[in-house]
Amino acid sequence: GGQHSHLDTLGFVAYANGMPVAMDSGIGTSYEDPRYVTLFRLLRAHNVVVIDDIETEKVAERVSWKPGKRVDKVVVRSHAYEHALGVMHDRTIFFVKGTGWVIHDRLIGPKSFDFAKHRIDWLLHTPYALKPETPGVLHATAATGGLVVLSGYPGQLDVPVLEQQPASMPPRETLHMRLWDAGRRLGKQFTPNVTALSLRKKPVHGNTCEFVTALLPYRGDRPDAQLVQSGKGWVLRVGKRTEALHF
């Protein structure tokens, strides 16, 4: 990608009910936007795992893809931190159809590596105005529903950091326009502030580090949702529905 490339290895986007749940930062109003280099291309502008704000390598691979009637599962591997730290990052994304997504991240370093000596952040950018409710649970409402975010290891996380950060989110009425024309015409309306969520790991000794996070958008009434660890993985319970998720 050269100078057009973003630092977004294993970044993901997700949409539900006609609006984004997990957003890419985009390029601003155009490549001429002065924030393009200083913000939109940076690692922290994407839905990734960040170690010490190191500029990562752009090397990743798909390990497996298993579609199913109720759940699709994709496993991807990042070599982003292999050169600098010797750390490998595996990300598994479960699309629980009609319910949402569960993202499992496992980082493994050399035997002598200690994650307690590093700053590890899990990032999400969303237009939903999330607010913490209880440890490991964030929630936001929108015009027709809302979004619930569940963390699988709440005791291992610091207080979530919520900031406002601009992202490219063109209004629907500009979809027929060229990017440059829409950006110039709308200006700040083209790059509104969205919620930038950072889940930071408390210092945990050892050469492995994990995150498990569920994103549950909904319409109407808020669902009763739980993310529970089991012997072989995790179980997502939403209302009367239960899905066992094995990593």
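The values are calculated or read from the model by the stated rules, or taken from the named source; none is laboratory data. Just so we're clear, the structure is a prediction, and the values are computed from it rather than from any experiment. Every residue, glycine among them, receives a Cβ derived from its backbone with ideal geometry; neighbour counts consider all protein chains shown. In case anyone asks, the SASA skips ligands and DNA or RNA and just uses the protein heavy atoms, side chains included. Shrake-Rupley method; radii C 1.70, N 1.55, O 1.52, S 1.80 Å.
Our coupling estimate for region 78-84, obtained by passing each phi through the Karplus curve with A = 6.51, B = -1.76, C = 1.60 and θ = phi - 60°, is 10, 9, 4, 9, 5, 5, 7 Hz, Gly and Pro reported as x.
Accessible area of ASP158 (1.4 Å probe, protein heavy atoms only, ligands and nucleic acids ignored): about 70 Å².
Over 18 Å between Cα atoms: which of LYS117/LYS201; LYS73/LYS97; LYS111/LYS202; LYS202/LYS232; LYS58/LYS202 fall into that group?
Values: LYS117/LYS201 11 Å; LYS73/LYS97 11 Å; LYS111/LYS202 20 Å; LYS202/LYS232 24 Å; LYS58/LYS202 27 Å.
Cα-Cα > 18 Å for LYS111/LYS202; LYS202/LYS232; LYS58/LYS202; rest within.
Matching the structure-derived semi-axes √(5λ) of the Cα gyration tensor in Å against the labelled list (i) 75, 16, 11; (ii) 40, 18, 18; (iii) 28, 24, 17 gives the label (iii). Rolling a 1.4 Å probe over the protein heavy atoms of region 186-237, with every protein chain left in place, gives an accessible area that is 44 percent carbon and sulfur.
For region 123-218, rounded, prolate or oblate, judged on the Cα gyration tensor with a ≥ b ≥ c (square roots of eigenvalues), a/c < 1.5 rounded, else prolate if a/b > b/c? Write out the running numbers ahead of the final one.
Details: a/c = 3.05, a/b = 2.08, b/c = 1.47.
It comes out prolate by the Cα gyration axes.
Nonpolar atom fraction for region 1-69, defined as the carbon and sulfur part of the 1.4 Å probe accessible area, stands at 53 percent. The charge dipole of region 32-99, taken about the Cα centre with unit charges on the Cβ atoms of Lys, Arg (+1) and Asp, Glu (-1), comes to about 660 debye, rounded to the nearest 20. Put a plus charge on the Cβ of each Lys and Arg, a minus charge on the Cβ of each Asp and Glu, and nothing anywhere else: the dipole of the chain about its Cα centre is then about 720 debye. Based on the alpha-carbon gyration tensor of region 1-68 and its eigenvalue square roots a ≥ b ≥ c, which shape applies: rounded if a/c is under 1.5, prolate if not and a/b is larger than b/c, or oblate? In terms of gyration-tensor shape, oblate.
Using heavy atoms of the protein chains and a probe of 1.4 Å, the accessible area assigned to ASP72 is about 20 Å².
Based on Cβ point charges of +1 for Lys and Arg and -1 for Asp and Glu, what charge dipole magnitude is obtained for region 82-135 about its Cα centre, in debye rounded to the nearest 20? Let's see the in-between values first.
On the way: 7 positive and 6 negative charges, 10 e Å.
With Lys and Arg at +1 and Asp and Glu at -1, about 60 debye.
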